[in-house]
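The values are calculated or read from the model by the stated rules, or taken from the named source; none is laboratory data. Since we're looking at a predicted model, the values are computed, not measured. A quick note on method: Cβ atoms are made from the backbone with ideal geometry, for glycine too, and the neighbour counts reach across all protein chains shown. These area figures cover heavy atoms from the full protein model, side chains too; ligands, DNA and RNA do not enter into them. Shrake-Rupley method; radii C 1.70, N 1.55, O 1.52, S 1.80 Å.
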Amino acid sequence: MSLTLTFWGTRGSIPTPGASTVRYGGNTPCVELRTDEGWLIILDAGTGIRELGRALLERGDGDSVAGDIFLTHAHWDHIQGIPFFAPLFKKGNRFTIWGSRSLQTSIDRVVRDQMSPVVFPVSFEELEARIDFQELSEEKRAGRGYEVSAIAVRHPGGALGYRFTTGNADGRALVYVSDNELSAEARYEDAPGWRGKLVEFVRGASVLVHDSMYTSSEYRSFVGWGHSTHDQAVELAIDADVERLVLFHHRPERSDDEVDRCLERCRALVARRGRALEVVAAAEGMTLQV
Ligand SMILES: [Zn+2]
Ligand SMILES: [Zn+2]
């Protein structure tokens, strides 16, 4: 039993098309997760979901498409692809959109409002697919061929991190934390011991996909903006005995060559710690087995 992960959007904050970002990709966060039985789970709905939607319709050969869409939070870069996700325009398709109960506005409202006539030509009501909304907080739920649990992470306005398993005894897990500020310098309304709780949530994951927006020197100018450094993601992965860390939510300004250099520095840090952690950088089109 396993889960299969494919990256459709890896960039943080805003899409970044251009020659310097073609290798790792310029679309905002969207990750496809498949269970053994082929059930579709989508993590975040940034601009990467547009290409995923095209692929689903092509592969499906006219069959209906169904799946669960888990949003970490409602910042633009995580929802802006929804109005361009072609399967939503087809009758017979069916999706459940999951989002945090603790957002200032319900996830239902946020998704509908981004298609209000002031800012978008097609209204939510014109979508032909059946779309259900579900809210969740820190809890464990059983889905079709998978189990998911959620944790509140440190991000302005709040965000969730997710842990997915097949629900079997093998214990192999994917943890997805797209936006999270690991530095203790930043102030959030979290209880003492938040880092230990996060480490336990991530503990033993086969794959950890984590926010790696800044270098350590860049971070000085962005304390409180809700994101982590590459080194902090590595330290979390080491503390939680993760097998493979995927650097994610690349800074918009970061060129492919710079991502290469960040990756090299992460691998050097792991070597200095004497650990076996594997580190890769998320790239559009990359597929991993959990
Ligand atoms: Zn983001
Ligand atoms: Zn965000």
Original post:
Per-residue HN-Hα couplings for region 273-282, Karplus 6.51 cos²θ - 1.76 cosθ + 1.60 at θ = phi - 60°, whole Hz, x for Gly and Pro?
Top reply: 7, x, 10, 9, 3, 8, 10, 10, 10, 4
Original post:
Between Ala281 and residues 5 or more places away or on another chain, which pairs have amide H atoms under 5 Å apart, with H built 1.01 Å from N, and which residues are they?
Top reply: Leu247
Subject >> Furthest towards positive pole of dipole, Val270, Leu3, Ile41, structure part the chain, Cβ charges >> reply: Val270
Original post:
Taking Cα pairs under 8 Å and at least six residues apart, what relative contact order does region 196-290 come out at, in percent?
Top reply: 31
**OP:** Among the lysines, select those whose C-alpha is under 27 Å from the C-alpha of Lys140, and discard any that sit fewer than 8 residues away in the same chain.
**Re:** Lys197
Original post:
Amide H neighbours of Leu40 under 5 Å, counting only residues 5+ apart in sequence or on other chains, H built in-plane at 1.01 Å?
Top reply: Asp68
**OP:** Place +1 on the Cβ of every Lys and Arg and -1 on the Cβ of every Asp and Glu in region 137-253, take the dipole about the Cα centre, and give the residue among Val207, Tyr162, Gly145 whose Cα lies farthest towards its positive end.
**Re:** Gly145
Original post:
Taking springs between alpha-carbon atoms closer than 10 angstrom, which of Gly67, Gly26, Gly196 fluctuates most in the Gaussian network model of the chain?
Top reply: Gly196
Original post:
Under a GNM of the chain (C-alpha, springs under 10 Å), which listed residue has the highest mean-square fluctuation: Tyr214, Tyr188, Tyr176?
Top reply: Tyr188
Subject >> Alpha-carbon Rg/Rh ratio, for region 1-157, with Rh computed the Kirkwood way >> reply: 0.94
Subject >> Between region 176-213 and region 112-172, the Cα center-to-center distance that results, in Å >> reply: 19
Original post:
In Å, the Kirkwood hydrodynamic radius of region 112-235 over pairs of distinct alpha carbons?
Top reply: 16.7
**OP:** Give the residues of region 185-212 whose amide nitrogen is closer than 14 Å to a point set 7 Å from the Cα of Glu253 in the direction of its Cβ.
**Re:** none
Subject >> About the Cα centre, charge dipole magnitude for the chain (Lys/Arg +1, Asp/Glu -1 at Cβ), debye >> reply: 220
Subject >> Rounded to whole Hz, the Karplus (6.51, -1.76, 1.60) HN-Hα couplings of region 62-71, x for glycine and proline >> reply: x, 5, 6, 10, 9, x, 10, 10, 9, 9
**OP:** For region 46-146, build the charge dipole from Cβ charges (+1 Lys, Arg; -1 Asp, Glu) around the Cα centre, then report which of Ser123, Asn93, Leu52 sits farthest towards its positive end.
**Re:** Asn93
Subject >> Solvent-accessible area, 1.4 Å probe, carbon plus sulfur percent, for region 157-290 >> reply: 48
**OP:** Would you kindly compute the Cα radius of gyration of the chain and its largest Cα-Cα separation (Dmax), both in Å?
**Re:** 18.1, 56
**OP:** On each of the three principal axes of the Cα atoms of region 122-190, give max minus min coordinate, whole Å, ordered largest first.
**Re:** 46, 40, 16
Subject >> Accessible solvent surface per residue of the chain, calculated while the other protein chains remain in place, 1.4 angstrom probe, Å² >> reply: 43
Original post:
So if we plug the beta-carbon distance of Ala276 and Gln104 into 1/(1 + (r/R0)^6) with R0 = 51 Å, what FRET efficiency do we get, rounded to 0.05?
Top reply: 0.75
Subject >> Cα-based convex hull, region 7-73, per residue volume (Å³, whole number) >> reply: 93
**OP:** Using the Karplus curve 6.51 cos²θ - 1.76 cosθ + 1.60 with θ = phi - 60°, work out ³J(HN,Hα) for each residue of region 156-161 in order, rounded to whole Hz, and write x for Gly and Pro.
**Re:** x, x, x, 7, 10, x
Original post:
Averaged over all directions, how much area does the convex hull of the C-alpha atoms of region 199-249 cover when projected, in nm²?
Top reply: 3.3
**OP:** Give the percent of DSSP beta bridges with both residues in region 1-143 that are antiparallel, rounded to the nearest 5.
**Re:** 35
Original post:
With each label point set 7 Å from Cα along the Cα-Cβ vector, what nm distance links Phe222 and Lys197?
Top reply: 2.5
